[in-house]
1. Could you derive backbone 3J(HN,Hα) for segment 284-295 from the dihedral phi with the Karplus parameters 6.51, -1.76 and 1.60 (θ = phi - 60°), listing whole Hz in sequence and x where the residue is Gly or Pro?
2. Hey, can you grab everything whose amide H is under 5 Å from the amide H of Y176? Only 5+ residues off in sequence or another chain; H modelled, so Pro and N-termini drop out.
3. Using θ = phi - 60° and the Karplus form 6.51 cos²θ - 1.76 cosθ + 1.60, what ³J(HN,Hα) does each residue of segment 26-34 get, whole Hz, x for Gly and Pro?
4. Thinking of segment 168-299 as a set of Cα atoms, what percent of all their pairs are more than 20 Å apart?
5. Would you list D194, D127 from fewest to most Cβ contacts within 10 Å?
6. Pop the C-beta distance of N86 and E37 into the FRET formula with R0 = 22 Å and round what comes out to the nearest 0.05.
7. Can you list residues from other chains, or at least 5 along the same chain, whose modelled amide H is less than 5 Å from the amide H of G161?
8. Which whole-Hz couplings ³J(HN,Hα) result when phi for each residue of segment 101-116 is put into the Karplus expression 6.51 cos²θ - 1.76 cosθ + 1.60, θ = phi - 60°, listed in order with x for Gly and Pro?
Amino acid sequence: MLKKLTVVSVILITLGFIYWGCSTQSEEEAIRELLEESNYTAEGSMVVDDTGDISFLNAEFTDSLIPWVKWIRKVKRPVERNVNINIYGDSAVATITMYLEGLPPDYGFWVRNVPQSSVVYRRAITDSSVRQVKLVRIRPRHWRIVAVTPAVIHTVNAYTGMSINEVRLEVPRRNYLFVLNNPTRFLKRESLPDLRPDDTVKVTVNINVEDDSGWVFLHRARRAIGAGQRRMALFKRDQNMFVGTWIIPDEYDSRPTVRHCAFDLIGFESLFGDSTATYASYLWIVPYIIRNPSDEIPE
């Protein structure tokens, strides 16, 4: 009798492990699908354009314009997204990592920095990206994103240490202020930048670059993710502060909507050096919401 009970117990335990393993695998698959589909975690903000415009609305007389330069990132695609998922009962944390590579002559950071010359310097790109996502389970195989960190992209083994210390987005006409000074902090959807059509946003970015300087660019989405990005060089107020003005266009067919913006610090030598210079950059990529006051926060 004892032998039969032992056999039954072993079978039940084995079935339990099989069920739990299949169940966990099924839940992880559901999370991966959500991360691929959700606008909160879509990585459409891997910007490779070289278009741009400049706004003078937030500039002061003493602010510096960027010297003449044209550049583009060309990253080898497809870019593999590695997703590590830890499930804790009805909650989960997903870590999304990517490695972005662009090696000349076909890829890389291409830059022209002499107006009278057609020479294009091509510098190798070796960037790493990480973002974390918090989720809760609504029912089996159905999850909801409740918070995200910014995606942080940095150049591996860069020639200089660089960081973004703080980003401030201010809309004076409605007394709105968004401040980000910790890229590892989870931002609930309700805490993401909450912008309105036709908002005029004052942008301030504080940086630090060791033994060098740099320049900060703002990338922001236009229409749907994948439909293109726009880029503008901010004005240099001092060695560590860059400012600009971002006008939210009323061009979206459906609201509310989620887009991504990037605060992109590029090393001075990367932009303005000669053929011996190498590439270094540091970015924060942040989802932002465009909606009318009566609209709900997007799912």
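Bear in mind that the values in this text are calculations on the coordinates, not laboratory data. Note that the structure is a prediction, hence the values are computed from the model and not measured. Counting neighbours? That spans all protein chains shown, and the Cβs are built from the backbone with ideal geometry, glycine included.
1. 10, 10, 10, x, 9, 10, 10, 7, 7, x, 7, 7
2. V171
3. 5, 5, 5, 4, 5, 5, 4, 4, 5
4. Details: 4204 of 8646 pairs.
It works out to 49 percent of all Cα pairs.
5. Numbers: D194 19, D127 24.
Ascending number of Cβ neighbours within 10 Å: D194, D127.
6. Working: r = 21 Å, r/R0 = 0.93.
About 0.60, to the nearest 0.05.
7. E210
8. 10, x, 10, x, x, 7, 10, x, 9, 9, 9, 10, 10, 10, x, 7
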